[in-house]
Amino acid sequence: MAIDYQYSNKPDSLSSNELLFRIRKSLLDAFITTLLALAVFGPIVGLELDGYDFQLQLKSLVSILGVIFTGRLVASLFFQTSQGEKLLEKFSRKDTSIRVQPLNQKAANGYWIIALFMLAGLMVPFLASKYWITVIILGMIYVLLGLGLNIVVGLAGLLDLGFVAFYAIGAYGLALGHEYLGLGFWSMLPLAALLAALSGALLGFPVLRMHGDYLAIVTLGFGEIIRLVLNNWTQFTGGPNGVSAPAPTLFGLEFKRRVKEGTPFHEYFGLSYDSAYKFIFIYLILFALVWAVLYINHRLTKMPVGRAWEALREDEIACRSLGLNHVLVKLSAFMTGAAVGGIAGVFFATYQGFVNPTSFTFFESALILAIVVLGGLGSTKGVVIAAFVLTVMPEVLRDFSEYRILMFGLLMVLMMIWRPRGLVRMTRSSFQPPQTVRQAMEGVR
Amino acid sequence: MNQPLLDIQEVDASYGPIQALNQVSMHIHQGEIVTLVGANGAGKSTLLMSLFGNPGVTRGEIHFDGTALTSQPGHKIASLGIALVPEGRHVFAQMSVEENLIMGTTPIGTKHVHEDLEKMYELFPILEERKQQNASTLSGGEQQMLAIARGLMSRPRLLLLDEPSLGLAPIVVQQIFSILKEVASGGMTIFLVEQNVHHALKLANRGYVMANGRIKLGGTGTELLSNREVREAYMGG
Ligand SMILES: Nc1ncnc2c1ncn2[C@@H]1O[C@H](COP(=O)(O)OP(=O)(O)OP(=O)(O)O)[C@@H](O)[C@H]1O
Ligand SMILES: [Mg+2]
């Protein structure tokens with residue numbers, strides 16, 4: 001390897017033999033890849049059904065194969081140069097452990113970056129078009145969902161495949177609370193969070209003794225039960241027809257063109273009506289809430305309960321011997337995660353103005369789990385990035401929407417190869433014993 | 001002598017249909033080192049775990065310093081002053097060494113944490129060298145030391161050790177036993193479950209021999225070491 005490295009450091013001094021060998025290897029790589037691509041794309045792209053007959057679509061097949069062949073050839077050649085090797089090495093570092101930051105090693109410019117993001121985020125609604133505001137709102141809703149599930153799966157290590165249930169409870173909480181109790185957005189926001197947390201406890205109790213696969217199956221069932229109830233309890237939930245959900249109000253001012261009583265928002269401020277105002281308002285509340293949840297999340301990981309979640313994920317026997325009350329620990333993880341999911345649901349309902357059961361299928365749970373896993377189990381930063389990648393990317397690439405699932409799969413495969421522990425490795429500052437005691441100790445010495 | 005610190009009376013426990021403990025009685029006095037030896041599957045670990053309510057005791061009574069353990073929920077046991085160092089170490093792999101030690105204070109809170117960390121680092125200097133490292137990167141012996149130190153962080157009055165020599169090289173076993181001796185000389189009461197009969201009986205004041213969920217023999221360390229049955233069963237004659 002050392003000799004190889006020397007060679008690749010000085011590409012000019014490559015012997016012609018070596019060069020030939022590399023080109024041959026790359027050609028072979030490219031050829032094999034093309035064969036595989038032929039097997040995959042041949043039947044899908046090469047044959048087009050035409051009634052009971054089919055036609056060969058050689059042209060598109062050959063062009064796809066051509067692209068793949070050259071792509072693989074170039075990649076193969078590139079990865080044999082010194083830069084390529086470095087890149088490969090950087091990506092294939094299979095360090096799967098969590099990084100614990102020593103106490104004294106604080107991120108110095110962390111606050112600046114946060115301030116910058118806050119400022120940029122606050123400017124978005126006044127600069128971007130209504131369409132982009134709605135896209136980013138959706139992105140932030142998934143950030144909330146990802147953060148909620150991250151507590152359950154990433155921190156406490158409880159695999160939950162039915163997280164969408166809490167999302168649905170939050171969304172329907174707002175819609176039904178408005179329909180039957182006449183409650184608005186602001187009163188339903190905390191109530192829905194509470195309702196979701198209670199259902200989290202409801203789910204938590206029966207699964208206290210379960211782990212891994214069994215837990216996953218039960219939670220999967222829970223998610224489906226909630227969806228089926230919403231779908232079939234027609235008198236109460238409106239069944240597949242759904243229910244409408246109210247928009248938020250600003251100190252009682254509504255964001256509609258005309259209101260039954262009082263004045264709408266635009267008239268009060270002497271503005272002309274614009275449907276974007278509602279979304280700007282939702283954006284701002286959601287933006288504030290995402291930061292609040294990020295902060296709470298950050299605090300929780302430093303508090304005893306966050307420590308207990310991680311301990312539970314690491315080793316249940318050790319937890320038992322240390323006298324951690326694993327009933328409380330598990331329930332608190334389920335409930336906190338569920339509450340965040342419920343809040344996300346309220347925002348989803350108010351943003352859509354309408355909810356029905358098709359928004360809460362298993363695919364949704366899988367997407368949220370994908371966000372958490374892609375982001376890096378336990379990593380808050382990673383979850384935020386992954387949530388935006390997975391929700392905003394499909395919007396950017398609308399032209400390729402037919403290939404959406406294909407790209408999704410591709411992304412997953414690439415991640416498994418290069419970043420098996422997610423985009424951002426979980427990093428946390430190490431637990432600190434209480435500061436006052438430390439200072440007192442130092443004072444004594 | 002007065003009342004024992006730990007008093008186990010005719011305890012039965014079972015995993016479903018399998019009865020793992022059968023009429024087990026034993027006691028440990030304050031300041032004693034007592035060892036429990038026995039073949040694989042004898043029920044030694046089960047006895048330790050049953051103190052923590054898992055598996056639950058179906059008959060008999062366990063008292064710790066006068067408190068009936070059987071009527072306490074499992075997570076309250078540790079805060080009564082009993083620390084268990086489980087079989088197979090069970091350190092928190094993705095936490096640093098120091099975090100593992102801090103987790104050890106769970107039963108009593110972090111009041112004495114700085115003082116006790118220093119004490120542990122004195123007792124196990126290797127842990128101080130490794131304190132920022134993830135526990136998963138420690139060697140088996142270091143992990144065992146960490147598990148013991150984590151147990152001591154709760155300032156227990158009774159330390160339960162389940163096979164601390166498991167899978168360790170003789171020299172490391174020696175090291176660990178000499179540390180245990182040091183801990184004991186500070187007045188700690190120790191209940192040691194071991195396969196390494198020779199080491200265990202030499203360290204202990206008294207010992208019990210367990211087989212098939214029953215206590216077969218009991219006596220002082222030297223008595224048991226010279227017992228023909230014990231020698232035949234554990235030391236190849
Ligand atoms: N969780 C469990 N479920 C069912 N049976 C169990 C369980 N744990 C232990 N047993 C059984 O209980 C009996 C006693 O096991 P225990 O672990 O107490 O043995 P041990 O004396 O600690 O053995 P070793 O020295 O090998 O650790 C064994 O027959 C074992 O198969
Ligand atoms: Mg055992």
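The values are calculated or read from the model by the stated rules, or taken from the named source; none is laboratory data. Small disclaimer: the values here were computed from a predicted structure and weren't measured. All Cβ positions, even for glycine, are placed from backbone atoms using ideal geometry, and neighbour counts span all protein chains on display. Side chains included, ligands, DNA and RNA excluded: accessible areas come from the protein's heavy atoms. Shrake-Rupley method; radii C 1.70, N 1.55, O 1.52, S 1.80 Å.
Put simply, when A:337-347, A:168-178, B:41-51, B:119-129 are sorted by average Cβ atoms within 10 angstrom per residue, most first, you get A:337-347, A:168-178, B:41-51, B:119-129.
Counting Cβ atoms of other protein chains within 10 Å of each Cβ in B:81-88 and taking the mean gives 3.
Mean sequence separation of contacting Cα pairs (under 8 Å, at least six apart), scaled by the length of chain B, corresponds to a relative contact order of 27 percent. Over all pairs of different C-alpha atoms in the stretch B:89-150, the reciprocal of the mean inverse distance, the Kirkwood hydrodynamic radius, equals 11.2 Å. 3J(HN,Hα) couplings calculated from phi for the stretch A:218-234 with the Karplus curve 6.51 cos²θ - 1.76 cosθ + 1.60 (θ = phi - 60°) are, in sequence order, 5, 5, 4, x, 4, x, 5, 4, 4, 5, 5, 4, 4, 6, 9, 8, 4 Hz; Gly and Pro show x.
Subtracting the Cα-Cα distance from 0.36 nm times the residue separation, let me have the gained length for A:Glu395 to A:Met303 in nm, one decimal. Can you show the working numbers first?
On the way: separation 92, 0.36 × 92 = 33.12 nm, distance 3.80 nm.
Contour length minus the Cα-Cα distance gives 29.3 nm.
Close amide H partners of B:Ile33, meaning residues 5 or more places away or on another chain with modelled amide H under 5 Å apart, are B:Ile190, B:Asn205, B:Arg206. Per residue of A:300-307, other chain Cβ atoms within 10 Å of the residue Cβ number 1 on average. The listed peptides B:196-204, B:14-22, A:353-361, ordered by packing as a protection proxy, come out as B:196-204, A:353-361, B:14-22 (highest mean of other Cβ atoms within 10 Å first). Per-residue surface analysis assigns A:Trp233 an accessible area of about 130 Å², computed on protein heavy atoms at 1.4 Å probe radius. In terms of overall dimensions, the protein assembly as shown has a Cα radius of gyration and Dmax of 31.5, 101 angstrom.
Its DSSP H runs of at least 4 residues, each contributing -39,500 (n - 2.57), put the calculated 222 nm mean residue ellipticity of chain B at -9500 deg cm²/dmol, to the nearest 500. Translational diffusion of the stretch A:285-326, estimated by Stokes-Einstein from the Kirkwood radius over alpha carbon pairs at 20 °C in a medium of 1.002 mPa s, is 187 µm² per second. Over all Cα atoms in the stretch A:117-429, the spread is summed up by Rg and Dmax: 19.8, 66 Å.
Largest first, what is the accessible-area ranking of A:Trp132, A:Trp112 with a 1.4 Å probe?
Details: A:Trp132 95, A:Trp112 185 Å².
If we order A:Trp132, A:Trp112 from most to least accessible, we get A:Trp112, A:Trp132.
Considering all different alpha carbon pairs of chain B, the Kirkwood hydrodynamic radius works out to 18.1 Å.
For the stretch A:328-345, backbone phi angles converted through the Karplus equation (6.51, -1.76, 1.60; θ = phi - 60°) give residue-by-residue couplings of 4, 5, 5, 4, 5, 5, 4, 6, 5, x, 5, 4, 5, x, x, 4, 4, x Hz, Gly and Pro being listed as x. For the chain pair B and A, buried accessible area totals roughly 2600 Å², probe 1.4 Å, rounded to the nearest 100.
Averaged over its residues, the protein assembly as shown has an accessible area of 50 Å² per residue, based on protein heavy atoms and a 1.4 Å probe. Amide H contacts of B:Ala20: B:Ala13, B:Ser14, B:Tyr15, each under 5 Å away and 5 or more positions distant or on a separate chain (H built 1.01 Å from N in the peptide plane; Pro and chain starts excluded). Rounded to the nearest angstrom and listed largest first, the equivalent-ellipsoid semi-axes of the stretch A:284-432 from its Cα gyration tensor are 30, 20, 15.
Beyond 13 Å, the tail of the calculated P(r) for the stretch A:23-84 holds 64 percent of the Cα pairs.
For the stretch B:20-60, the Kirkwood estimate of the hydrodynamic radius, built from every pair of different alpha carbons, is 11.4 Å.
Only four residue types carry charge here, +1 at the Cβ of Lys and Arg and -1 at the Cβ of Asp and Glu. Report the dipole size of the stretch A:117-429 about the Cα centre in Debye, rounded to the nearest 20. Write down the numbers at each step before the final one.
Working: 21 positive and 16 negative charges, 110 e Å.
Charge dipole of the stretch A:117-429: 520 debye, to the nearest 20.
Within the shell of other residues whose beta carbon sits under 13 angstrom from the beta carbon of B:His27, the net charge comes to -4, with Lys and Arg scored +1 and Asp and Glu -1.
Summarised as an ellipsoid, the stretch B:97-186 has semi-axes of 20, 16, 11 Å, derived from the eigenvalues of the Cα gyration tensor scaled by 5 and square-rooted, with the largest first.
Computed with a 1.4 Å probe on the full set of protein chains, the accessible area for B:Thr189 sits at about 0 Å².
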